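Okay, so here's the structure we're looking at.
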Amino acid sequence: MDNEIKQIINRNGITSRDKLIPVLQEVQEYFGFLPKQAIAEVAKKMEIPVAKIHGIITFYNQFSYEPKGEYHIRICRGTSCHMNQSGILLESLENKLGIRAGQTTRDHNFSLEIVPCLGACGQGPVLAVNDEYYTEVNQKALETIIDMYQKMT
């Protein structure tokens, strides 16, 4: 792990604290999440207190201490999506996948996250599976979407 972290930091500039977020993004992309050991290595090599790094990680919801599923589902709970019943879709997702928001299935095929906005407010409710966005999702469409991804696992 030490060698990978060193390469990431060197690509981004070891002495520049303003490179912390890009370094964390690249570390997360490499591992799929931010392992504690990787955070400690970044702190040591960039001479930044671990507490400061944890503050950054917890502030930005793009960072995760836990690995995501192969299919990471984000469901919008912004005002427009909420008004268009995204709460019902969230409940259906939790029941179908057997997990709660913020969790990953035991087989690591699916993870579920609530997000404040996916940027398609006029087309809600909206959900995303990895980088594929689905708009105006209703109960039937949700079933079709999840069934499709379950067949691909």
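In terms of Cα atoms, the Rg and Dmax of the chain work out to 17.8, 52 Å. Taking the chain as the reference, fit the longest principal axis to its C-alpha atoms, fit the long axis of helix 20-31 to the helix C-alpha atoms, and give the angle between the two in degrees, 0 to 90, nearest 10. On a 0 to 90 degree scale, this one is about 70. Once the Cα atoms are used to define both axes, helix 36-46 deviates from the longest principal axis of the chain by about 40 degrees.
Using Cα positions and a limit of under 25 Å, work out the lysines in reach of residue 36, with same-chain residues fewer than 8 apart set aside. Residue 36 reaches 6, 19, 44, 45, 52, 68.
When a/c is below 1.5 the answer is rounded, else prolate if a/b is larger than b/c, else oblate, so apply that to the range 2-59 with a ≥ b ≥ c taken from the square roots of the Cα gyration tensor eigenvalues.
Numbers: a/c = 1.35, a/b = 1.06, b/c = 1.27.
Rounded, because the longest to shortest axis ratio a/c is under 1.5.
Rounded to the nearest Hz, the phi-derived 3J(HN,Hα) couplings of the range 105-113 under the Karplus curve 6.51 cos²θ - 1.76 cosθ + 1.60 (θ = phi - 60°) are 5, 4, 7, 6, 7, 10, 10, 10, 9, where x marks glycine and proline. Note that the range 78-88 has calculated 3J(HN,Hα) couplings of x, 3, 4, 5, 4, 5, 9, 6, 5, x, 5 Hz, one per residue in order, obtained from phi through the Karplus relation 6.51 cos²θ - 1.76 cosθ + 1.60 (θ = phi - 60°); glycine and proline are x. Extending 7 Å from the Cα toward the beta-carbon at both residue 105 and residue 91 defines two label points whose distance is 2.2 nm. Hey, what angle do you get for helix 139-152 against the long axis of the chain, alpha-carbon based, 0 to 90 degrees rounded to 10? Roughly 50 degrees, rounded to the nearest 10.
None of the figures in this text is laboratory data; all of them are computed from the coordinates on show. Keep in mind it's a predicted model, so treat the numbers as computed, not measured. Here the Cβ is made from the backbone with ideal geometry for all residues, glycine too, and neighbour counts use every protein chain on show.
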